[in-house]
Amino acid sequence: MTGAPSSASHVRLLVSVLLYSTTLGVTAVAFPLRTLEAGYGIAAVGYLGAFGAVSQAVSRTALPFVLRRVSDRWLVRTACVLMAASAAVLVVSTTLAAFLVSAALLGVSRSLYWTGSQVYVLRGDLPVGQRRLAHIQFVSNTGEFVGPLGGGLVADQSITRSLLLCVVLMAFGLGAVWILDRHPPLARTGREQITPIWRQRSVALGCAGVVTAGGWRGLVSSVIPAMLAEVGRSPGQIGVLIGLGNAASMGGSLLAGRVGARWYAATTYASIGVTGVAVAFTGLLAGSVVASGLGLAVSGLGAGLLQTLGTVLATSEVHESQRGDVVVLTGLLRSLALFALPAGVAARVGALATATALAVGGGLLMLPLALGMRRRQ
């Protein structure tokens, strides 16, 4: 890998991250509403979401190969084009084929964008990359918070307009990243010269942290709001409580940029434990608004720390040419955790009350510690 991108290039990337994440937030509202408007029903929304997730996971598996043949900035540029195309397809057609193509384009776009942008900022000195990765996480969380609000307001007037908004935002996003500093593809280092990433203890622990962060995000986007509604919280209260968790996650992302290298492992261990305990606490004391808010705030802070620090820790001891491979691995595991943990908790709801099932989910969030604590072979 080469030196770190210039400050000006980093700012341009952050502008693009804000536009891209805001567009993602708009799609979270516009795409399901477009599906319902076309008469496909709620089940179709879930199936299309799962199809997009599969396309994202499959495309990530090819990225280690791609990153050694094209520059990471080309991944980011291509992702912006695919995101715009995903929305444009639904502007011109509402056939089932159009929805499948749109979902696939969205999934591939997400895998390319987040992998490319993270590899880009992790070039050069790791402490610099750590701070810049924290900036990316904070800005992306901000965009995904603002996007649904703006997208919902525009969709009130016309769902087609909200889709066109996605296209316009991505046109500006593409312009921002078109002039990023140019770096060569990742080096093709001989495998006999470097240690395989699966034998690195730091990689195992970093991946454990990312899995917990992904699991938390999956729960806070599905099971937790449903649980809060079940115990009698109003939609307004649910919005405030979920917003509190998201705000704490944004704070955790910024805080992760200030953690010293010697504290990477200890902070990751502590954050995994705290996040799991706080989620369990949220479930067991769901009847109290104050307790729920405290649990979501603490778990959000831990998850925000893990989202950034897990990736940094996982890349801290590998060869520079392998950082892209690690970013792909952590992204893939996070994608799987986003869907696996909510599904696991939902499967227990039939046998347990939702709040109790969520407490079990908090315990599941701590299971990655078993992976992170494994001894070096």
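The values are calculated or read from the model by the stated rules, or taken from the named source; none is laboratory data. No experiment lies behind these values; they were computed from the predicted model shown. Note that we place each Cβ from the backbone using ideal geometry, even for glycine, and neighbour counts take in every protein chain shown. Just the protein is used for accessible areas: all its heavy atoms, side chains included, with ligands, DNA and RNA removed. Shrake-Rupley method; radii C 1.70, N 1.55, O 1.52, S 1.80 Å.
Please compute the modelled spin-label separation between Ala85 and Val240, points set 7 Å along Cα→Cβ, answer in nm with one decimal.
Result: 4.5 nm between the two label points.
What is the packing order of peptides 124-135, 9-20, taking the mean over residues of other C-beta atoms within 10 Å and listing the highest first?
Highest to lowest by the protection proxy: 9-20, 124-135.
How far, in nm, would the chain grow between Ser288 and Ala171 when pulled straight, counting 0.36 nm per residue and subtracting the alpha carbon separation?
Between Ser288 and Ala171, full extension yields 37.6 nm more.
What does the highest-first list of 325-331, 256-262 look like by mean Cβ count within 10 Å?
Peptide ranking by packing, descending: 325-331, 256-262.
Keeping the other protein chains in place, figure out the carbon and sulfur percent of the accessible area of the range 274-330, with a 1.4 Å probe.
Answer for the range 274-330 is 75 percent, counting heavy atoms of protein chains only.
Applying 1/(1 + (r/R0)^6) with R0 = 25 Å to the Cβ-Cβ distance of Ala98 and Ala229, what FRET efficiency is obtained, to the nearest 0.05?
The computed FRET efficiency comes out at 0.15.
For the chain, just the Cα set please: Rg and Dmax, both in angstrom.
Computed over the Cα atoms of the chain, radius of gyration and Dmax are 20.0, 59 Å.
Using 7 Å Cα-to-Cβ label points, what is the Ala266/Leu336 separation (nm, one decimal)?
3.1 nm
For a quick size check, give me the Cα extents of the range 230-361 along its three principal axes, largest first, whole Å.
Answer, in whole Å and largest first: 51, 29, 23 Å.
Go ahead and set up a Gaussian network model of the chain, Cα springs under 10 Å, then flag whichever of Leu163, Leu153, Leu332 fluctuates most.
Comparing Leu163, Leu153, Leu332 in a Gaussian network model of the chain, the most mobile one is Leu153.
Where in the chain are the DSSP H helices whose alpha-carbon span along the long axis reaches 20 Å or more and whose Kyte-Doolittle mean is at least 0.5?
Membrane-span-like by this criterion, though nothing is claimed about a membrane: 7-37, 41-61, 72-92, 96-121, 159-177, 201-220, 235-256, 264-284, 289-315, 323-349.
How much length is gained if the chain between Phe65 and Arg161 is pulled fully straight, taking 0.36 nm per residue apart and subtracting their Cα-Cα distance, in nm to one decimal?
Gain on extension, Phe65 to Arg161, equals 30.8 nm.
Tell me what the chain gives for mean residue ellipticity at 222 nm when only DSSP H runs of n ≥ 4 count, each as -39,500 (n - 2.57), the sum divided by the residue total, rounded to 500 deg cm²/dmol. Display every interim value, and only then the final one.
Numbers: 15 runs with 297 residues, N = 377.
Computed ellipticity for the chain at 222 nm equals -27000 deg cm²/dmol.
FRET efficiency for Ser221 and Arg182, Cβ-Cβ distance as r, R0 = 30 Å, nearest 0.05? Walk me through the numbers on the way to the answer.
Numbers: r = 36 Å, r/R0 = 1.21.
With R0 = 30 Å, the Cβ-Cβ based efficiency is 0.25.
How much space per residue, in cubic angstrom, does the convex hull of the C-alpha atoms of the range 48-114 take up?
In the range 48-114, the Cα convex hull volume per residue is 71 Å³.
Set the Förster radius R0 to 22 Å, insert the Cβ-Cβ distance between Ala8 and Val128 as r into 1/(1 + (r/R0)^6), and round the FRET efficiency to 0.05.
The value I calculate is 0.90.
So with the 1.4 Å probe, I'd like the accessible area per residue for the range 68-119, rounded to whole Å².
Counting only protein heavy atoms, the per-residue value for the range 68-119 is 32 Å².
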